[in-house]
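Asker: Please see the structure below; I have some questions.
Values quoted throughout were computed directly from the atomic coordinates according to the rules given, and no laboratory measurement underlies them. The model shown is predicted, which means the values in this text are computed figures rather than measured ones. Neighbour counts run over all protein chains shown; Cβ positions are idealised from the backbone, glycine included.
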Amino acid sequence: MSSDVGADVRDQVVDACRILAVGGHEHLFLGHVSARASGQDRFWVKSTGLGLGEVGHEDLVLVDLDGRRREGEGPLHGELPIHTEIHRRRAEVTCVVHTHPFHVAAFSASNAEFAMVSQESTWFTEGIARFESALRIETIELGQRLAETLGDRSAAILRNHGLVVAASSVERAVVLAIALEQSLRVQVAAALFGDVVAIPESEAARIRASLDPPDGSRVRATYRYLRRRAGRSEPTG
């Protein structure tokens, strides 16, 4: 069960957008976050034309899995199929993030391999998918291909583009998106000093277990910190 149960889904999407903006994911008015409406095949998603750091309740649109507007008036992002097809394929996913943070975008334009260089890296011990097309995900076919490439993993790098994160809660999706960009920042810096030394797989697994206990406490604590850093108040729901 998502740890977000009981909170207003729209509050969560607004918080997520603001946190990601502060965390280096702002890129003009590009990038978007969706969160599934509880118990429904519908989700609230950021509308286009506004940066992540500008988003409020009035800028969210309720959309079904066929991309049809159900509530809200804002213009929809062209890459809506990222959200519809991942939500359709994976019922356990309640939040999808798509952004273009600088280091992820640079990494996506290279043939470098993702390395376990830091604590943040170990959130991705299951691996990161690579979507080998630079096309914007504006069709159902491309959305389906992306969802298939992502599979059961939490994150994908889109070639010459950005990232996609899918998770069982808004909290987890945001923490993972922030962690991925931070990990690549460290990887770039490490390469400037010499050969990159990765954390051994056995140690990475142990670090991951300590960072991500089954009760989700570390995700919640990290998310609360990120919310405070972004100047967002604690939810009242």
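Asker: Which of I199, I82, I178 moves the most in a Gaussian network model of the chain with Cα springs under 10 Å?
Answerer: Fluctuation is largest for I199.
Asker: Note down the magnitude of the dipole of the range 34-74 about its Cα centre, charges +1 on Lys and Arg C-beta and -1 on Asp and Glu C-beta and zero elsewhere, to the nearest 20 debye.
Answerer: With only Lys, Arg, Asp and Glu charged at Cβ, the dipole is about 140 debye.
Asker: I would also like to ask the following. When Lys and Arg each count +1 and Asp and Glu each count -1, what net charge do the other residues less than 11 Å away from M116, Cβ to Cβ, add up to?
Answerer: Here the count lands on -3.
Asker: Can you tell me the orientation of helix 140-150 relative to the chain, as the angle in degrees between its alpha-carbon axis and the longest Cα principal axis, to the nearest 10?
Answerer: Between the helix axis and the principal axis of the chain, the angle is about 40 degrees.
Asker: Specify which residue in the list H98, H77, V63 is farthest towards the positive end of the charge dipole of the range 62-113, using unit charges on the beta carbon of Lys, Arg (+1) and Asp, Glu (-1), about the Cα centre.
Answerer: In the range 62-113, that residue is V63.
Asker: Dipole magnitude of the chain about its Cα centre, charges +1 at Lys/Arg Cβ and -1 at Asp/Glu Cβ only, in debye to the nearest 20?
Answerer: The dipole of the chain has a size of about 260 debye.
Asker: Which percent, to the nearest 5, of DSSP beta bridges fully inside the range 9-229 are antiparallel?
Answerer: If I count the DSSP bridges inside the range 9-229, around 90 percent turn out antiparallel.
Asker: Measuring from the lowest to the highest alpha carbon on each principal axis, how far does the chain reach, largest first, in angstroms?
Answerer: Cα extents, longest axis first: 52, 39, 30 Å.
Asker: Search the structure for amide H atoms under 5 Å from the amide H of A167, placed 1.01 Å from N in the peptide plane, and list their residues when 5 or more places away or on another chain.
Answerer: Residues meeting the amide H criterion: T94, C95.
Asker: Can you give the angle from 0 to 90° between the axis of helix 217-229 and the longest principal axis of the chain, with both taken from C-alpha atoms, to the nearest 10?
Answerer: 70 degrees
Asker: For the range 10-107, run through the GluC sites (Glu not before Pro) and keep only the ones in DSSP coil with at most 14 other Cβ atoms within 10 Å of their Cβ.
Answerer: Listed in order of number, the matching sites are E73, E92.
Asker: Still on this structure, please answer the following. Between R228 and F29, how high is the FRET efficiency from 1/(1 + (r/R0)^6) when r is the Cβ-Cβ distance and R₀ = 22 Å? Nearest 0.05.
Answerer: Plugging the Cβ-Cβ distance into 1/(1 + (r/R0)^6) gives 0.30.
Asker: Separate question: For the chain, take the longest principal axis of its alpha carbons; what is the angle in degrees between that and the long axis of helix 170-193, to the nearest 10 within 0 to 90?
Answerer: 30 degrees
Asker: Work from the charge dipole of the chain (Cβ charges, +1 for Lys and Arg, -1 for Asp and Glu, about the Cα centre) and give the residue of A173, V22, S108 farthest towards its positive end.
Answerer: Towards the positive end, the residue furthest out is V22.
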